[in-house]
Amino acid sequence: MNNGKTVSAHQTGIIAGILLFTLKLTTLPSLLYEYNGSGGILSIIFVMALNFLFLLLLVWVKKKFPNEDFYAILCKRLGVIVTKIIYFAFFAFFFFKILLIISDSFTFIKDVVDEEFSLFNLFICLLPIITAMAYSGIRTMARTCEFFFPVIIICFVLAIAFAVVPEVNFGMGALTREGFSGFFSSLFRLSFWTGDLFALLIFMDKIEIKKGKLKQIFIPFIISVVVLVVVSAMYYLLYQETSLFHTNLISDVVQYAIGTASGWHMDIFAIVVFLFNIYLQGSIFMYCANECFKKVFNFKNTVISYGFINLMLLAAEFLYLNDYLKYVAFAENTLCYFATAILILVPLMLAIFTWLKKEKKHETG
């Protein structure tokens, strides 16, 4: 394994922690409220638990296949054709993730920063940077995530701190009065808002977990889980019955403090958290989409493959998905079937392949 291109356990945990925030800082709590009221916090906690279990599964797989990439593991057990189909599904998954991040970013910037901001300006500001970061390689992106992760967490904490005002009634009944009748339907319909840690599979061969460093994966991840659950709970507690109409989680939490105190500049914490996240998440998903694209179509030229992906993103965004509400409806009603299939089948395949390798070792021993 080339140490110059590997990602450490600590960096892997930070990447996982940053991916955890994907698409959960804006509309997700509001969408969950539509299905389950303030009980949507239970769905968020459940998704965090599933992500933690997947991270445990990934560590187990990594121990059994320390130097193999996911593509090679699948090829040996399912054949090249089936593996290419699976990787094409992964490409589509990451491609649509990038599209939703772009649409989500456009809505956030228009609502919070500049209502005159155009989609064309967003593409100029976002696509070249995330493409350049992805092209630089996973090692460089890991270091970038490592540098900005503390900034993101500090801004999160400050946003939460400013939102805690004496006038707020923090009765826990606000989180449970609606019950949890829409729990399973929300998990299914909004399944595309999850599964972000699957990106780790695409570069699992570059992850290096040295002896005694395992806990370094989970510490940053758990910090992200705690921060996300706390800020989501505060969102429901602050807005309660009006949560459905507040579609920018991180901004709305800070805006509550602005509404009850003073100083518009406090919104900078929400902006910093959001912008750092979309650039880092966008670059990781761009890298993963490109790796899948190259494997499926046997592309050798990385520059050309990134060029194709950018052209497809531009075409999809301007021709059809330039309306955020239209894309949310598309994700809720169509992509949910695709995402649910991936969310169930991929961990199941990983568990079976890893268990079979363990059994085979026992037999040959």
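The values are calculated or read from the model by the stated rules, or taken from the named source; none is laboratory data. Just so it is clear, the model here is predicted, and its values are computed rather than measured. Cβ atoms come from the backbone with ideal geometry, glycine included; neighbour counts cover every protein chain shown. Note: accessible area is taken over every heavy atom of the protein model, side chains too, but ligands, DNA and RNA are not part of it. Shrake-Rupley method; radii C 1.70, N 1.55, O 1.52, S 1.80 Å.
Please tell me if Ala339 is of a type in the set (Gly, Ala, Ser) and open to solvent by 10 Å² or more (accessible area, probe 1.4 Å). Break it down into steps so the answer makes sense when it comes.
On the way: of a type in the set (Gly, Ala, Ser): yes; open to solvent by 10 Å² or more (accessible area, probe 1.4 Å): no.
No: the conditions fail for Ala339.
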Query - Of residues in the stretch 75-116 being small (Gly, Ala, Ser) and open to solvent by 10 Å² or more (accessible area, probe 1.4 Å), the one modelled with the lowest pLDDT - result: Gly79
Query raised in the report: In the stretch 243-268, what residues are open to solvent by less than 40 Å² (accessible area, probe 1.4 Å) and at pLDDT 60 or above?
Result: Ser243, Asn248, Leu249, Ile250, Ser251, Asp252, Val253, Val254, Met266, Asp267
Report task. Counting only residues that are in contact with a Gly (Cβ under 6 Å, 6 or more places away or on another chain) and farther than 24 Å from Ala351 by Cβ, give me the helices (runs of 4 or more DSSP H) lying completely in the stretch 51-142 with at least 1 of them. Result -> 80-112, 119-135
Requested in this report: Kindly establish whether Leu55 is open to solvent by 30 Å² or more (accessible area, probe 1.4 Å), modelled with pLDDT of 90 or more and under 19 Å from Ala339 (Cα atoms).
Outcome: no
Report summary line: Reported set for the stretch 22-52 where residues are aromatic (Phe, Trp, Tyr) and at pLDDT below 90 is Tyr33, Tyr35
Report summary line: Checked the stretch 311-331 for anything at pLDDT 90 or above and surrounded by fewer than 18 Cβ atoms within 10 Å (Cβ to Cβ); matches are Leu311, Met312
Report task. Could you check, for the stretch 227-241, whether at least one of its residues is modelled with pLDDT of 90 or more and either charged (D, E, K, R) or open to solvent by 60 Å² or more (accessible area, probe 1.4 Å) (or both)? Result -> no
Report summary line: Taking the stretch 186-214 and keeping only residues that are more than 17 Å from Leu20 (Cβ to Cβ), touching a residue at least 60 places away in the same chain (Cβ under 8 Å) and open to solvent by 20 Å² or more (accessible area, probe 1.4 Å), one is left with Phe188, Arg189, Asp205, Lys206, Glu208, Ile209, Lys210, Lys213, Leu214
